[in-house]
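The values are calculated or read from the model by the stated rules, or taken from the named source; none is laboratory data. This one's a predicted model, so the numbers in the text were calculated from it and none came from an experiment. Cβ coordinates were reconstructed from backbone atoms using ideal geometry, including for glycine residues, and neighbour counts include every protein chain displayed. When the accessible area is computed, the model is the full protein with side chains, heavy atoms only, and any ligands, DNA or RNA have been set aside. Shrake-Rupley method; radii C 1.70, N 1.55, O 1.52, S 1.80 Å.
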Amino acid sequence: MAGSSRQQTHVLYAEHHGWLFGWLRGKIGNASDAADLAHDTFVRILASRHLPDNLGQEPRALLAHIAKGLVIDHWRRQDVQRVAMEALRDFPESFMPSPEERLVMVEALVRVDAMLASLPARTRQVFLLAQLEGLTLKQISEQAGMPVITVRRHIRKALLACMSTL
């Protein structure tokens, strides 16, 4: 990052970090997570190759835009973690994964969730019918009202997305 960009980011942080933290705290309701997300917002800006030319005109709009994406990711991660912990609640103690294994499991589930969310709705629907419901191509074809070859294409697309996630 060039010196002027670094200086611009420093000024942006000094002038708007407090506002961003307050905005995030209002959205999340937790000061610790708000502080982490405010930090991550500025890390994203620092990691970008170049800052937008109009940064000085609408700095809070840029910060809010970046932070909104991080908040959505935060909520999605919390939902995945909650569901995973609920599923583990019924496991016998002897089969309970260690805290490290649970963390790895949640990270993997978050990546899969993000991959599924990135798929077109029909592709996601077809893939989940095959994987979670165990329906055959013909059954999915009948239920979704599309030819078997189209079902096959959707499943192929979803499987390729899964492999790229790994």
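With the checklist (1) modelled with pLDDT under 95; (2) surrounded by 19 or more Cβ atoms within 10 Å (Cβ to Cβ); (3) of a type in the set (Gly, Ala, Ser) in hand, flag the one item ALA38 doesn't pass. Condition (1) is where ALA38 drops out.
Among the listed residues VAL151, VAL104, which satisfies the condition of being modelled with pLDDT of 90 or more and either among the polar types (S, T, N, Q) or over 20 Å from the mean Cα position of the chain (by Cα) (or both)?
Checking each option against the conditions leaves just VAL151.
What is the residue count in the stretch 108-164 for residues that are in contact (Cβ under 8 Å) with a residue 40 or more places away in the chain, open to solvent by 60 Å² or more (accessible area, probe 1.4 Å) and of a type in the set (A, V, I, L, M)? Going through the stretch 108-164 one residue at a time, the tally reaches 1. Number of residues in the stretch 76-97 that are closer than 24 Å to ASP33 by Cβ and small (Gly, Ala, Ser) equals 2. Across the stretch 84-101, the qualifying residues are those that are in contact with a helix residue (DSSP H, G or I) (Cβ under 9 Å, 6 or more places away or on another chain) and under 23 Å from ILE72 (Cβ atoms), and the one among them that is most open to solvent (accessible area, probe 1.4 Å) is MET85.
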